[in-house]
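Let me begin by presenting the structure, written as structure tokens, before commenting on it.
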Amino acid sequence: VGGAFLAHLLPTEGIAGCATALEIQSEAFRPLQPLADLLRQEADWLVLRGLLALESGEVETARGQFQAALDFWKSEKSAAAGSGVDFSARPIAQSVLATIDEAKNDPSERREPH
């Protein structure tokens, strides 16, 4: 990672220098790919756990699982920049979490205490 950071692109190096720097950066980050794959897998498992918790009526537990999964992603900008990890179940987590939040804030969903 340090090598990739030090192999920054300099406009004075020309095309060959830029190509070499890009190759060094690419090779430096290659060992991190398995870690990113593990993070994606963990996020997908968190979404599955959230769905199972939701099915059993544990709404707050489910909410926590979905939020924990989305913490790996952070935001679209973060994922594109490489500081967040996108994962296949992300749209499910976002959608269900939004539905939970809407239901929580909808006064018609609240029950009067007996």
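The values are calculated or read from the model by the stated rules, or taken from the named source; none is laboratory data. These numbers come from a predicted model, not from an experiment. Areas reflect the complete protein model, heavy atoms only, side chains present, ligands, DNA and RNA absent. Shrake-Rupley method; radii C 1.70, N 1.55, O 1.52, S 1.80 Å.
Laid out as a table, the results:
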{"read-out": "Fully extended contour minus Cα-Cα distance, from ALA19 to GLU42, at 0.36 nm per residue", "value": "4.8 nm"}
{"read-out": "Normalised contact order of segment 34-114, rounded percent, pairs of Cα under 8 Å and 6 or more residues apart", "value": "29 percent"}
{"read-out": "Extent along principal axes [Cα atoms of segment 60-111; Å; largest to smallest]", "value": "44, 19, 14"}
{"read-out": "Solvent-accessible surface ranking, highest first, for PHE72, PHE66 at 1.4 angstrom", "value": "PHE72, PHE66"}
{"read-out": "Per residue accessible area in Å² of segment 47-91, where ligands, DNA and RNA are left out and the probe is 1.4 Å", "value": "59 Å²"}
{"read-out": "With all protein chains modelled, accessible area of ASP37 [1.4 Å, Å²]", "value": "70 Å²"}
